[in-house]
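Written out below as structure tokens is the structure these notes cover.
The values are calculated or read from the model by the stated rules, or taken from the named source; none is laboratory data. These figures come from a predicted structure and were not determined experimentally. Cβ atoms come from the backbone with ideal geometry, glycine included; neighbour counts cover every protein chain shown. Areas reflect the complete protein model, heavy atoms only, side chains present, ligands, DNA and RNA absent. Shrake-Rupley method; radii C 1.70, N 1.55, O 1.52, S 1.80 Å.
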Amino acid sequence: MYETNVLIVGAGPTGLTLALDLARRGTRFRLIEAANTPFEGSRGKGIQPRSLEIFDSLGVIDAILAAGAPYPKFRTHLGPFSLRAGSLGSAKQPTESVPYPNLWMVPQARTEAILRERLQTLGNDIEFGNRLTTFVQNEHGVEATMSTGEMVRADFMVGADGGHSAVRKTLGLRLEGEAIDEKPTLLADVEVEGLDRRDWHVWPFVKGGPVGLCPLPNTSLFQLTCKANTVEAGIETTVQRLTGYRVQRVAWQSIYKPSVRMVNRYRVGRVFLAGDAAHVHPPAGGQGLNTGVQDAYNLGWKLGHVACGGPDSLLDSYEIERLPIPSAMLGLSKKLHQTRSIKRGDATNQLALNYRTSPLSSGLALGNLHAGDRMPDASLADGSKLFHHFRRGCATELVPPEGPRILIRPDGYIAYIGSAHLTEYAGAPICQIHAARMALS
């Protein structure tokens with residue numbers, strides 16, 4: 001029987017993020033994916049500022065930025081007329097504390113490819129076509145059976161296997177919530193002849209419901225969205241009939257029913273859920289992929305610490321910290337879907353999400369910063385930036401000009417503010433650095 005520290009089920013953005021975080025820590029893992037080939041579509045195309053910071057820490061930010069682009073403006077078509085309006089994304093300038101302030105568009109398939117390439121650079125592979133069939137667990141570990149017949153024993157298992165999660169179903173957990181649209185939506189990646197790629201085109205009043213065509217950066221494709229029931233004679237015929245533009249090729253398509261659902265537990269014994277296996281979102285607000293990435297980033301360092309001898313109780317904080325997050329995000333996504341507002345503001349960028357009530361957060365306030373908050377970027381005494389040091393994946397003690405010490409967790413959130421000088425955190429050494437200046441907000 002093969003033995004490892006962590007078995008990750010599902011190699012989408014959530015599973016890949018977790019694998020990357022474990023790989024840079026030297027934690028042993030297996031990453032299996034039931035599908036025979038990588039995902040090919042654009043589905044989760046919006047990467048929020050907080051996720052960009054995580055991708056910086058994981059060493060893939062340059063590739064992510066090169067693969068994407070800012071969100072385009074909307075062009076609304078009304079018969080022979082069209083009107084150019086605002087964008088889902090903002091156009092803020094980077095600041096010292098927020099280096100990635102804007103929503104960034106990258107087709108999901110390209111994001112996953114970048115994460116896979118980075119994982120392979122670190123010497124790890126994804127096992128495509130390897131499906132989890134069943135598992136049992138006890139106080140010592142998890143024994144899983146693969147579709148190949150192989151048995152794997154892991155200290156812990158993480159279900160990152162999507163909305164139809166086999167891990168979640170085996171645990172007996174349900175996605176509780178509601179469908180928020182009676183009619184399914186069609187999502188497709190298509191080539192369209194003669195359509196201006198500078199704008200996101202919308203036909204709001206055509207028969208059957210709105211049609212949208214969003215140009216996907218660094219491709220020849222548009223992402224098509226429309227009600228699935230309008231496509232009676234094929235995508236090509238439907239798009240030409242409703243918009244007047246001819247579809248030359250359909251590269252990928254999917255039908256889904258917009259829902260807001262989540263589980264009531266993130267951990268059962270030695271098994272954890274993350275990403276769509278734990279919560280499903282409508283695409284409005286771009287929260288699904290991003291919330292999953294941040295689930296993984298919260299869990300990764302904790303699993304790594306426990307694998308190196310840290311206290312198992314550290315893992316209890318995963319559910320405590322992450323369970324309230326999708327609850328709030330689902331409410332926001334539902335509102336945005338129903339109102340169809342293009343105004344997003346700061347509510348969706350996930351920079352303000354915090355763990356202030358976590359048992360891992362303690363100490364004083366420093367300006368607007370509290371234990372449990374995301375740590376802003378800062379300039380350091382040696383001329384470097386704080387976020388660059390986060391790529392090492394360790395806890396960091398920052399000594400700012402203001403005096404109190406700030407202990408920053410490996411995932412970039414503040415654990416402690418105060419005068420105590422700590423040499424280790426959760427059983428692992430701490431890196432100490434000094435800030436030349438920093439914004440306390």
- Could you check how many residues of region 366-411 are surrounded by 18 or more Cβ atoms within 10 Å (Cβ to Cβ) and basic (Lys, Arg)? 3
- Task: Any chance you could count how many residues in region 142-179 are of a type in the set (D, E, K, R), part of a loop (DSSP other than H, G, I, E, B) and within 20 Å of the chain's Cα centre (by Cα)?
- Result: 1
- Go through region 158-190 and give me each residue that's of a type in the set (A, V, I, L, M) and either within 30 Å of THR237 (Cα to Cα) or surrounded by fewer than 19 Cβ atoms within 10 Å (Cβ to Cβ) (or both). ALA179, ILE180, LEU186, LEU187, ALA188, VAL190
- Message: So GLN120 passes all but one of these: (1) touching a Phe, Trp or Tyr at 6+ places or on another chain (Cβ under 9 Å); (2) of a type outside the set (Asp, Glu); (3) within 30 Å of THR396 (Cβ to Cβ). Which condition number does it fail?
- Response: (1)
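Does any residue of region 73-80 turn out to be within 21 Å of LEU351 (Cα to Cα) and open to solvent by less than 30 Å² (accessible area, probe 1.4 Å)? Can you show your working first?
First, the residues of region 73-80 that are within 21 Å of LEU351 (Cα to Cα): none.
Within region 73-80 (the criterion being within 21 Å of LEU351 (Cα to Cα) and open to solvent by less than 30 Å² (accessible area, probe 1.4 Å)), the answer is no, since none of the residues qualifies.
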- Within the set of pairs 6+ apart or on separate chains, which have a first residue in region 114-127 that is under 19 Å from VAL293 (Cα atoms) and touching a residue at least 40 places away in the same chain (Cβ under 8 Å), a second that is buried (at least 19 other Cβ atoms within 10 Å of the Cβ) and acidic (Asp, Glu), and C-beta atoms under 9 Å apart? ILE126/GLU33
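State all residues of region 387-414 that are assigned to a loop (DSSP other than H, G, I, E, B) and either touching a residue at least 40 places away in the same chain (Cβ under 8 Å) or farther than 16 Å from LEU20 by Cα (or both); if no residue qualifies, say none. Steps first, answer last, please.
Filtering region 387-414 for residues assigned to a loop (DSSP other than H, G, I, E, B) gives 393-394, 400-404, 409-412.
Selection gives GLY393, PRO400, PRO401, GLU402, GLY403, PRO404, ARG409, PRO410, ASP411, GLY412.
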- Query: Which number in (1) open to solvent by 10 Å² or more (accessible area, probe 1.4 Å); (2) under 25 Å from the mean Cα position of the chain (by Cα); (3) touching a residue at least 60 places away in the same chain (Cβ under 8 Å) marks the one condition that VAL250 misses?
  - Reply: (2)
- Going through region 115-141 in order, the residues found to be within 21 Å of LEU22 (Cβ to Cβ) and either in contact with a Leu (Cβ under 7 Å, 6 or more places away or on another chain) or open to solvent by less than 40 Å² (accessible area, probe 1.4 Å) (or both) are LEU115, ARG116, ARG118, LEU119, ASN124, ILE126, GLU127, ASN130, LEU132, PHE135, GLY141
- Note on the structure: Filtering region 184-196 for residues that are in contact (Cβ under 8 Å) with a residue 60 or more places away in the chain and over 10 Å from LEU221 (Cβ atoms) leaves a count of 5
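How many residues are assigned to a loop (DSSP other than H, G, I, E, B), among the charged types (D, E, K, R) and within 16 Å of ARG75 (Cβ to Cβ) if we restrict to region 193-228? First the steps, then the outcome.
Here is the first cut: in region 193-228, the residues assigned to a loop (DSSP other than H, G, I, E, B) are 193-198, 204-210, 216-221.
Checking which are among the charged types (D, E, K, R) leaves us with 193, 196-198, 207.
Of the ones still in play, those that are also within 16 Å of ARG75 (Cβ to Cβ) are 196-198.
Residues in region 193-228 being assigned to a loop (DSSP other than H, G, I, E, B), among the charged types (D, E, K, R) and within 16 Å of ARG75 (Cβ to Cβ): 3 in total.
Quick one: is ALA144 open to solvent by less than 10 Å² (accessible area, probe 1.4 Å), over 19 Å from GLU319 (Cα atoms) and out of contact with any Phe, Trp or Tyr (no Cβ under 6 Å at 6 or more places or on another chain)?
On the way: open to solvent by less than 10 Å² (accessible area, probe 1.4 Å): yes; over 19 Å from GLU319 (Cα atoms): yes; out of contact with any Phe, Trp or Tyr (no Cβ under 6 Å at 6 or more places or on another chain): no.
Considered against the rule, which asks whether it is open to solvent by less than 10 Å² (accessible area, probe 1.4 Å), over 19 Å from GLU319 (Cα atoms) and out of contact with any Phe, Trp or Tyr (no Cβ under 6 Å at 6 or more places or on another chain), ALA144 comes out as no.
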- Note on the structure: Per the filter on region 117-141, residues part of a strand (DSSP E or B) and over 24 Å from ASP312 (Cα atoms) are GLU127, PHE128, LEU132, THR133, THR134
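For region 10-98, give me every one of the strands (runs of 3 or more DSSP E) that falls completely inside it and has 3 or more residues that are within 18 Å of PHE222 (Cα to Cα). It would help to see each step written out before you state the result.
Values: elements: 29-33, 73-78, 81-87.
Ranges flagged: 73-78.
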- Message: Condition check: at pLDDT below 95 and either at positive phi or of a type outside the set (D, E, K, R) (or both). Does LEU31 satisfy that?
- Response: no
- Note on the structure: Apart from one, (1) open to solvent by 10 Å² or more (accessible area, probe 1.4 Å); (2) more than 22 Å from MET146 (Cβ to Cβ); (3) touching a residue at least 12 places away in the same chain (Cβ under 8 Å) all hold for ASP62; the odd one out is (3)
- Task: Kindly indicate the residue of region 412-437 that is of a type outside the set (A, V, I, L, M, F, W, C) and farther than 22 Å from ARG356 by Cα and also surrounded by the most Cβ atoms within 10 Å (Cβ to Cβ) among those meeting that condition.
- Result: GLN432
- Filter result for the condition that a residue is modelled with pLDDT of 95 or more and over 17 Å from ARG84 (Cβ atoms), over LEU171, LEU213: LEU171
- Query: Residues in region 271-290: is at least one within 30 Å of GLY10 (Cα to Cα) and over 19 Å from the mean Cα position of the chain (by Cα)?
  - Reply: yes
- Considering GLY372, GLY393, which residue is in contact with a Pro (Cβ under 6 Å, 6 or more places away or on another chain), of a type outside the set (A, V, I, L, M, F, W, C) and at pLDDT 90 or above? GLY393
